[in-house]
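Data block below; observations after.
Taken together, the values in this text are just the output of simple stated rules run on the coordinates, not laboratory data. Owing to the predicted nature of the structure, the values given are computational and were not obtained by experimental measurement. No Cβ is skipped: glycine too gets one built from the backbone with ideal geometry, and neighbour counts run over all protein chains shown.
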Amino acid sequence: MIVVNTDFVPGREIVEVLGLVKANTIRAKHIGKDIMAGLRNIVGGELTEYTEMLSESREEALQRMVKEAEKLNADAVINVRFMTSSVAQGAAEMLAYGTAVRLK
């Protein structure tokens with residue numbers, strides 16, 4: 001599966017637009033990591049616990065989106081975007097979305 005954040009696939013022609021595909025995940029870290037991140041927030045620096053959480057969430061949402069595209073027999077997903085939002089303290093939603101297409 002080709003996944004790009006552009007509206008085309010270089011060197012390939014789009015022959016059919018299959019529609020929007022999307023997937024999301026909501027993740028939270030356990031209380032111990034939440035406490036560590038809270039302490040680091042006081043003294044400054046990267047909140048690695050949350051960096052890790054968002055990275056895992058992005059990958060999970062991307063893989064789920066690709067599965068949705070595969071159900072449509074797509075060859076590629078173009079215009080891929082990610083969006084995140086906080087749903088609770090220490091928990092975030094990651095949404096991946098794009099356009100499933102067939103290529104020549």
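What's the extension gain from Thr51 to Glu93 if we count 0.36 nm per residue and subtract their Cα-Cα distance?
13.8 nm
Less than 15 Å Cβ to Cβ from Gln63, Lys/Arg counted +1 and Asp/Glu -1: what total charge do the surrounding residues give?
+1
Please report the Cα spread of the stretch 57-98 along all three principal axes, rounded to whole Å, starting with the longest.
Cα spread of the stretch 57-98 along its principal axes, largest to smallest: 38, 17, 13 Å.
Among the aspartates and glutamates, which have Cα under 15 Å from the Cα of Lys22 when same-chain residues fewer than 8 positions away are ignored?
Result set, ordered by chain and number: Glu59, Glu60, Glu68, Glu70, Glu93.
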